[in-house]
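The values are calculated or read from the model by the stated rules, or taken from the named source; none is laboratory data. Computed from a predicted structure; not experimentally measured. Note that each Cβ is placed from the backbone with ideal geometry, even for glycine, and that neighbours are counted across all protein chains shown. These accessible areas exclude ligands, DNA and RNA; they are computed on the full protein's heavy atoms, side chains included. Shrake-Rupley method; radii C 1.70, N 1.55, O 1.52, S 1.80 Å.
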Amino acid sequence: MKHLYTLFLLTLFTFVQAQQKHTIYFDLDIDEPNTSSVNSFDTWLQQNKDAIVFKVYGYADTTGSVPYNKNLSLRRANAIVSRLKQNNIAFAEGVEIKGFGEQFEKDSDQAKNRKVEVYYGLPVVEADVVKPEPEPKKTVFAQKVEKSKVGDKLRLENLNFYGGSAHFLPESIPVLEELLAVMKSNPNLKIEIQGHICCEKKVTHPVSSDRAKAVYSYLNNNGISHSRISYKDYGATSPIYSIPEKNEKERVTNRRVEIKIIAN
């Protein structure tokens, strides 16, 4: 019962490494391991208390008849199984315990054929397993970019400016960082950065040009090639709210930058 409980816990909380093998040798016509192997096996037992055994295979040399050797090899395997159980070593479900006798690929040294091989794995605590970092959840804007087609326009929400200038409002910084991240994660993406103003019905305006250029410069200074980005001044030709605006909120919204998908 203790073995089963131990294995149950291991199954719940651990993974098992790839199988390893420990070999125990026997003297001629003996089903108990020889002295040197006993010492080696005892050391192994002390160092591998958490091992999980998958297979125990017994073998014999060619001395004696085939049936006798098969029986002898199985007795050797069972002798090792008994020692494993005495030391509270866990066994995997469906563990194989077999005696092959002399029916295996033998060594020219007969002493090396009188053996038992124990196949086992060592547990690895799940907390110690190196797991790949989960992919960061894509933002709404990143998802919009992925779904966009050439020619689509996307507004950079909350990318706004102080009145009459190309200086970003504080809330614009996370938006710029998000745009940069999208550009870096989509190497085929090319965009036109479009600048807009509020308040004045002008086709072009230095401020809207400077606003688009400010975004362009931010991207270019942070590693985005100029071949992937361009900028253009749209003045007040495409306001979101009619000019003159009714309040500051509408004016802030019109003072904006949009991107047009050139390639994706």
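Compute the distance in nm between two label points, each set 7 Å from the Cα along the Cα-to-Cβ direction, one at Glu157 and one at Tyr119.
Computed distance between label sites Glu157 and Tyr119 equals 5.7 nm.
For q values of 0.11, 0.15, 0.21 Å⁻¹, compute log₁₀ I(q)/I(0) with the Debye formula on a Cα-only model of the stretch 113-264, without solvent.
-0.49, -0.78, -1.32
Taking the mean number of other Cβ atoms within 10 Å as a proxy for protection, how do you rank 211-217, 224-230 from highest to lowest?
On the way: 211-217: 21.7, 224-230: 14.1.
Ranking, from highest mean packing down: 211-217, 224-230.
Show which lysines lie in cross-link reach of Lys138 when reach means a straight Cα distance below 17 angstrom and same-chain residues fewer than eight apart are skipped.
Counting by Cα, and skipping residues close in sequence, Lys138 has these lysines nearby: Lys147, Lys184.
Which FRET efficiency, nearest 0.05, do Lys201 and Leu169 yield, Cβ-Cβ r, R0 30 Å? Could you put the intermediate results ahead of the total?
On the way: r = 23 Å, r/R0 = 0.78.
Calculated value: 0.80.
Take His226 and Thr62, extend 7 Å from each Cα along the Cα→Cβ direction, and tell me the distance between the two endpoints in nm.
Once both label points are built, they end up 8.3 nm from each other.
Tell me the label-point distance for the pair Lys98, Lys21, using the 7 Å Cα-to-Cβ offset, in nm and rounded to one decimal.
Reported label-point gap for Lys98 and Lys21 is 1.3 nm.
Show me the ranking of peptides 55-66, 171-182 by mean Cβ neighbours inside 10 Å, starting with the highest.
Values: 55-66: 19.9, 171-182: 16.7.
Going from most to least packed, we get 55-66, 171-182.
Quick one: give the max-minus-min coordinate of the C-alpha atoms of the stretch 199-244 along each principal axis, largest first, in Å.
Dimensions of the stretch 199-244 along the principal axes of its Cα atoms: 38, 18, 14 Å.
Assuming R0 = 45 Å, what is the FRET efficiency of Leu28 and Asn88, from their Cβ-Cβ distance, to the nearest 0.05? Kindly include the intermediate steps, with their values, before the conclusion.
Values: r = 31 Å, r/R0 = 0.70.
Plugging the Cβ-Cβ distance into 1/(1 + (r/R0)^6) gives 0.90.
Taking the Cα atoms only, what angle lies between the long axis of helix 35-47 and the longest principal axis of the chain, rounded to 10 degrees?
Relative to the chain, helix 35-47 is tipped by roughly 30 degrees.
Need the list of lysines near Lys106 for cross-linking: C-alpha distance under 20 angstrom, and skip anything on the same chain fewer than eight residues off.
Qualifying lysines at Cα under 20 Å: Lys21, Lys55, Lys70, Lys98, Lys115.
If you count the DSSP beta bridges with both ends in the chain, what percent of them are antiparallel, to the nearest 5? Don't jump to the answer; show the numbers that get you there.
Working: 27 of 38 bridges.
Just about 70 percent of them are antiparallel.
So, with a 1.4 angstrom probe, what is the percent of accessible area on the stretch 143-217 that is carbon and sulfur? Show your work: numbers first, answer last.
On the way: 2030 of 3900 Å².
Of all accessible area on the stretch 143-217, carbon and sulfur atoms account for 52 percent.
To make sure I understand the rule: partners must be lysines, Cα under 27 Å from the Cα of Lys202, and not fewer than 8 residues away in the same chain. Which ones qualify?
Lys153, Lys213, Lys232, Lys246, Lys249, Lys260
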